[in-house]
Amino acid sequence: MYGWGLSLMCLLIGISVSAAAQQVLFDFEKEEHLKEAVRNEVQIQRVPAGGKLSGQALQVEFQPAEWPNVTFRPAQAWNWTGAGALAIDIYNPNTEPVWFGIRVDDDPRADGWNHCRQATTTIGAGETQTYVLPLAFNPMDYGMRGLPPLVQGGGILLGVANPHRLNLSHIVAFQVFLHRPAKPIKLHIDNIRLIEGSAPVKGIVDRFGQWAGGDWPGKVKDEADLRRRRQQEEQELRRFPTLPDRDEYGGWKSGPKLQATGYFRTAKHDGKWWLVTPAGTLFVSLGMDCVHTGDATFITGREEMFTWLPEEGSPLARHIGYHSGIHSGPVKEGRTINWYALNLQRKYGENYKPLWMDVTLRRLHSWGFNTIANWSDWDFYRNGKVPYVGTAHIGGDHARVASGNDYWGKMHDPFDPKFEQSVRNSLRAVTQRIGDDPWCIGYFVDNELSWAGTGEEGGRYGLAYGTLQEDAANSPAKRAFVQQLRQKYGQIERLNAAWNSSFASWEELEKPQRLQPPSTDARRQDFAEFVKNLARQYFRTVRQVLKELAPNHLYLGCRFAWYGQDAVEAAAEYCDVISFNIYAPRVERERYSIVERLDKPAIIGEFHFGALDRGMFHTGLVAAKDQHDRARMYKDYLTSVLTHPNFVGCHWFQYNDQPLTGRWFDGENYNIGFVTITDTPYPEMVQAAREIHGEAYRIRSSSSR
């Protein structure tokens with residue numbers, strides 16, 4: 001594990017694994033170990049092991065491609081019955097962190113979600129680490145994405161990204177992969193082995209919602225700790241009330257003055273895009289997501305995990321609740337507890353929320369954040385001290401269409417006449433609450449929609465494939481697609497010739513059709529046109545309704561996660577700002593050249609880094625070595641945003657750490673907060689934020705175009 005804290009934790013509750021309990025699969029001391037290695041957009045060779053590895057290792061050079069990987073595939077399926085986990089030693093010889101993943105398949109049909117077990121993380125520059133992928137159990141079996149330490153020797157137990165339970169008697173492949181590296185990247189891989197182990201979960205949570213199995217700087221020991229820290233922080237906030245050279249909105253006070261319109265807007269100044277405050281000052285949105293009083297975690301079915309719970313009828317029992325519905329772990333409904341809110345009551349008293357809100361607004365000023373971003377408590381709307389964004393999600397009973405990557409659900413069918421009313425119904429409540437408040441920057445509408453699926457060009461045509469699987473009688477999107485094709489080709493025979501297909505008639509095409517890649521050039525062109533038409537219909541409708549309800553506020557887009565160029569190009573036509581959620585060590589300019597080509601401002605709705613040195617079980621989507629490295633990565637990421645001519649801000653996900661035992665609806669338990677579950681700020685992150693935020697306007701104004 002990272003740092004001294006987790007080394008101690010492994011000694012406290014880690015399972016000792018003897019040499020006899022390990023089965024080495026590949027150690028690359030022999031050339032024959034390369035025979036089962038399949039190269040997919042990589043180059044491999046045996047080399048003297050680097051870093052802290054010894055002997056020979058496998059050097060893998062991943063090439064710029066969608067999913068470059070080295071895959072080990074046996075002639076006959078392996079039987080890994082009895083194995084607890086797969087462990088791999090990896091050395092990163094590069095001068096920058098590398099995001100990578102490990103995947104194990106139990107069926108040739110594995111696609112990254114089905115028939116496999118997959119996890120991703122980040123290895124720091126020059127680091128050597130052991131990474132452990134659980135096999136015999138899934139962290140989500142316990143309602144968590146990450147689990148307490150498992151193995152000896154400091155191995156990092158990876159949080160699993162998908163819920164599939166492996167058939168260990170039939171393992172057909174495993175791989176190490178990267179996603180879209182911008183340049184060739186080398187890693188050394190060694191000592192691939194199976195190990196024993198299981199998840200130690202009994203009594204892992206103390207009376208403050210912290211891990212009970214170890215100690216680390218900042219861990220709360222008693223209620224007096226909370227009160228003492230409140231007093232200490234009050235003194236610090238008085239010493240550092242705000243950053244210098246900021247106006248009331250957090251804009252650049254001494255910088256160039258543009259036209260003041262009384263509302264936030266965008267402008268291109270000196271070759272770079274900016275936001276502009278209501279007062280006309282230049283503004284980069286440095287935001288904090290999920291500024292709220294915490295998420296609940298399930299108690300029901302997991303009582304043994306907790307060493308203490310509030311007694312029924314006691315003042316703290318108000319934080320015991322009940323949830324049901326969409327949780328993806330073993331418990332679908334039952335009692336829950338919100339540890340963050342419970343600790344706020346201990347810290348600030350019975351009427352804690354207004355006091356906590358005041359401290360939070362002062363923290364944001366002090367740390368240099370000038371935006372309360374998505375998913376935050378609606379009570380911060382119209383706060384008059386810190387600008388904010390409106391958060392809206394479109395619901396309703398209109399039709400949907402699958403893309404093949406429907407993580408949060410199927411994509412809206414904007415061709416459905418009912419879609420516009422769904423948009424209006426969904427936006428009305430939030431726009432009425434915000435009104436014409438000049439402190440509102442604008443609105444994010446929807447989040448991480450299913451714009452792209454799997455297959456050709458990163459799933460660019462997923463919505464076209466999904467639409468063809470629908471019946472035109474029930475799918476407005478399918479009818480629109482068929483109409484597009486009929487207008488272009490006229491006769492079905494001409495379509496068949498272009499697509500290399502054999503439809504008997506247009507009426508047959510209107511029925512569900514399951515086509516497979518690869519496509520002909522003509523089919524890809526038609527698919528791209530349809531995806532763009534669907535995206536235009538979506539963004540046009542949302543913009544029209546939003547500008548009717550909130551004419552003076554910006555349309556900030558839908559926060560792309562999975563997307564193709566067609567959807568982004570359509571967004572550029574209708575959004576004031578294009579938004580992306582970019583989970584990566586930094587923003588690589590060449591990967592987002594599309595916003596430069598489109599000459600549009602862009603904003604990052606989510607990013608984060610996490611570490612395992614302060615009692616948490618999962619790093620989140622991008623891993624750091626420890627809190628110091630996490631702070632360094634924050635400054636580096638901000639620098640990459642500030643020096644990009646099109647990005648006008650970025651928003652950190654999220655304000656507080658997630659519950660140690662996983663938030664109730666999806667099990668996330670990431671170390672991604674600026675404050676812990678006990679409302680204790682991470683000093684390294686606070687210092688890094690003050691430093692880079694304080695330099696933000698100088699960096700942006702002086703960077704090259």
Q) Taking into account only those residues within the range 667-681 that are open to solvent by 10 Å² or more (accessible area, probe 1.4 Å) and in a loop (DSSP other than H, G, I, E, B), which is modelled with the lowest pLDDT? A) Glu668
Q: Considering each residue of the range 36-78, count those that are under 23 Å from Asp111 (Cβ atoms) and either assigned to a strand (DSSP E or B) or open to solvent by 50 Å² or more (accessible area, probe 1.4 Å) (or both), and give that number.
A: 20
**Q.** the range 554-600: number of residues that are modelled with pLDDT of 95 or more, of a type in the set (Lys, Arg) and outside any helix (DSSP H, G or I)
**A.** 2
Q: Report, by residue number, each residue of the range 158-204 that is at pLDDT below 90, crowded, with 22+ Cβ neighbours inside 10 Å and over 14 Å from Ile90 (Cα atoms).
A: Gly159, Val160, Ile195, Gly197
Q.
Checking the structure you have, find out if any residue of the range 363-381 is of a type in the set (Val, Ile, Thr), crowded, with 21+ Cβ neighbours inside 10 Å, within 22 Å of Asp576 (Cα to Cα) and more than 22 Å from the chain's Cα centre (by Cα).
A. no
(Q) Residue under question is Tyr131, and the condition is that it be within 25 Å of Val201 (Cα to Cα) and open to solvent by 30 Å² or more (accessible area, probe 1.4 Å); does it hold? (A) no
Q. All but one of (1) open to solvent by less than 50 Å² (accessible area, probe 1.4 Å); (2) aliphatic (A, V, I, L, M); (3) touching a helix residue (DSSP H, G or I) at 6+ places or on another chain (Cβ under 9 Å) hold for Ala561; which doesn't?
A. (3)
Q | Residues (open to solvent by less than 20 Å² (accessible area, probe 1.4 Å) and of a type outside the set (Gly, Ala, Ser)) located in the range 682-705 | A | Tyr682, Met685, Val686, Ile692, His693, Tyr697, Arg700
Q. Restricting attention to the range 304-321, which residues are touching a strand residue (DSSP E or B) at 6+ places or on another chain (Cβ under 9 Å) and either in contact (Cβ under 8 Å) with a residue 40 or more places away in the chain or loosely packed, with under 12 Cβ neighbours inside 10 Å (or both)?
A. Met305, Phe306, Thr307, Trp308, Glu312
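Look at Arg400 and say whether it is closer than 30 Å to Leu468 by Cβ and either without any contact (Cβ under 8 Å) to a residue 24 or more places away in the chain or out of contact with any Phe, Trp or Tyr (no Cβ under 7 Å at 6 or more places or on another chain) (or both).
Yes, satisfied.
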Q: Looking at (1) part of a strand (DSSP E or B); (2) at pLDDT below 95, find the lone condition where Leu612 falls short.
A: (1)
Q. At positive phi and either open to solvent by 20 Å² or more (accessible area, probe 1.4 Å) or without any contact (Cβ under 8 Å) to a residue 60 or more places away in the chain (or both) - does that describe any residue in the range 599-617?
A. yes
**Q.** Filter result (buried (at least 16 other Cβ atoms within 10 Å of the Cβ) and polar (S, T, N, Q)) within the range 243-279
**A.** Thr266, Thr277
Q | Residue identified as open to solvent by less than 10 Å² (accessible area, probe 1.4 Å) and either closer than 25 Å to Trp562 by Cβ or in contact with a Ser or Thr (Cβ under 7 Å, 6 or more places away or on another chain) (or both) among Ala498, Ala477, Ala528 | A | Ala477
Q: Taking Phe306 as the residue in question, decide whether it is of a type in the set (A, V, I, L, M, F, W, C) and more than 28 Å from Arg589 (Cα to Cα).
A: yes
**Q.** Residue identified as modelled with pLDDT of 95 or more, touching a strand residue (DSSP E or B) at 6+ places or on another chain (Cβ under 8 Å) and assigned to a loop (DSSP other than H, G, I, E, B) among Asn447, Asn405
**A.** Asn447
Q) Before we move on, is Tyr465 farther than 30 Å from Val389 by Cα, of a type in the set (Ser, Thr, Tyr) and modelled with pLDDT of 95 or more? A) yes
Q. (1) out of contact with any His (no Cβ under 7 Å at 6 or more places or on another chain); (2) in a helix (DSSP H, G or I): which one isn't true of Ser502, the others all being true?
A. (2)
(Q) For the range 262-283, which positions are assigned to a loop (DSSP other than H, G, I, E, B) and touching a His at 6+ places or on another chain (Cβ under 9 Å)? (A) Tyr263, Phe264
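The values are calculated or read from the model by the stated rules, or taken from the named source; none is laboratory data. Everything numeric in this text was worked out from a predicted model, so none of it was measured. Cβ sites come from the backbone with ideal geometry, for glycine too, and all protein chains shown count toward neighbours. In case anyone asks, the SASA skips ligands and DNA or RNA and just uses the protein heavy atoms, side chains included. Shrake-Rupley method; radii C 1.70, N 1.55, O 1.52, S 1.80 Å.
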